[in-house]
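Working notes, beginning with the structure itself.
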Amino acid sequence: MAAVVCTLAILFFLGRVLLHVPAPIRQSREPAAIQISFVSRSVSEPSMLLPPEPANAPTPRHSRNPPGARAPTAPPSARADAPVAAARAQGAMAAQLYSRTGQVQLPPGASIDPLDPGHAAVPPGMTDQRELDRARKVMERPNPVDYRETRFAKDWKSDGTLGDVAVQGLNRGMKRANRAIFGDDVQNAKARPPPDVRFNPALAQNAGELGSEATGDAYKAAPIAHEPPPDLTGTGSRNLRAELAQLEPTLARCDSARRLALLAPIRTHLADLERVERAMTHGADPVMAAQMLPRQGDSAYDLTRRALWYARKQAARCAG
């Protein structure tokens, strides 16, 4: 019985809530909408940028004429002041700083915007950095994608394909293996200079690598000892130039074609030696100066000496 009573009470209250009709809400009177009206500015409106009028200027009096009355004629003084008022109104319009679109109001004859950073005036004798930057970036285009690096960018292995990622993984593994085997202090390889021994063409294992008359490089097989250049500051080339000057009168006995064929390798290798000496004396790359340039200068000096020896031998045959 208690459960039945509770159930009936709940159903009664629910029915009352559902069937309850709310009282009508009195609608308040809506406020009047705001009305905006645009009033055109009169050209004769005084402006704050105009100069103040003189104290003795006559004050105009506005009077309403009765209907049918004839408009009063302006006095001669007012007619004379009409151009002045028109010029003042025009000056008021020209004195506005900004136009209706928000741009800077410029004089009618202005062709360059003084506020444009690209055409800013530069004092005489100074470099226009903006123009230089614009010239350097003439072929550059802004990135259409507004990419902003996030904190997860460092976690990416590569921006390439899976093959690129695999190659980068192998390179990192090789570096770790080399560091584990050889340590962090790895000595760089250095070029070994040629041995200081006398060259004997008869004892060469591969005679095909030696020069011959058919190939025009028979001077490479000259049986003379190898000598390093005295230095790479110009002494070696000066000594070889002096020997060449002594040899040229002897080569004058040979025909022109033979003389040019004998002088060509001498001048070629001598020019290579001078190029190395010029690089060493005028500041070369540290790695090149320590590894490659000394070997190149050594080879050019040795080949020039061999070409001189071979030219002397051929010049003696021409004289005979």
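Some observations on this one:
- Matching option when the condition is in a helix (DSSP H, G or I), among the hydroxyl-bearing types (Ser, Thr, Tyr), within 30 Å of residue 203 (Cβ to Cβ) and over 44 Å from the mean Cα position of the chain (by Cα), among 304, 268, 215: 304
- Just one residue in the set 257, 225, 214, 242 is exposed (fewer than 12 other Cβ atoms within 10 Å of the Cβ) and in contact with a strand residue (DSSP E or B) (Cβ under 9 Å, 6 or more places away or on another chain); that residue is 225.
- From the options 284, 316, residue that is exposed (fewer than 14 other Cβ atoms within 10 Å of the Cβ), over 18 Å from residue 217 (Cα atoms) and among the hydrophobic types (A, V, I, L, M, F, W, C): 316
- Test for residue 262: is it in a helix (DSSP H, G or I), of a type in the set (A, V, I, L, M), in contact with a helix residue (DSSP H, G or I) (Cβ under 9 Å, 6 or more places away or on another chain) and within 16 Å of residue 314 (Cβ to Cβ): yes
- Condition met for residue 296 (within 18 Å of residue 245 (Cβ to Cβ) and either touching a residue at least 24 places away in the same chain (Cβ under 8 Å) or assigned to a helix (DSSP H, G or I) (or both)): no
- Only residues that are closer than 17 Å to residue 272 by Cβ and in contact (Cβ under 8 Å) with a residue 40 or more places away in the chain were counted in the range 217-253, giving 15.
- Selected residue (criterion: farthest from residue 228 (Cα to Cα)) from residues of the range 173-217 that are of a type in the set (Val, Ile, Thr) and modelled with pLDDT under 70: 186
- Qualifying positions in the range 218-259 - within 22 Å of residue 289 (Cα to Cα), charged (D, E, K, R) and not in a loop (DSSP other than H, G, I, E, B): 238
The values are calculated or read from the model by the stated rules, or taken from the named source; none is laboratory data. Quick caveat: nothing in here was measured; it's all calculated off a predicted structure. Ideal geometry is used to build each Cβ from the backbone, glycine not excepted, and the neighbour counts take in all protein chains shown.
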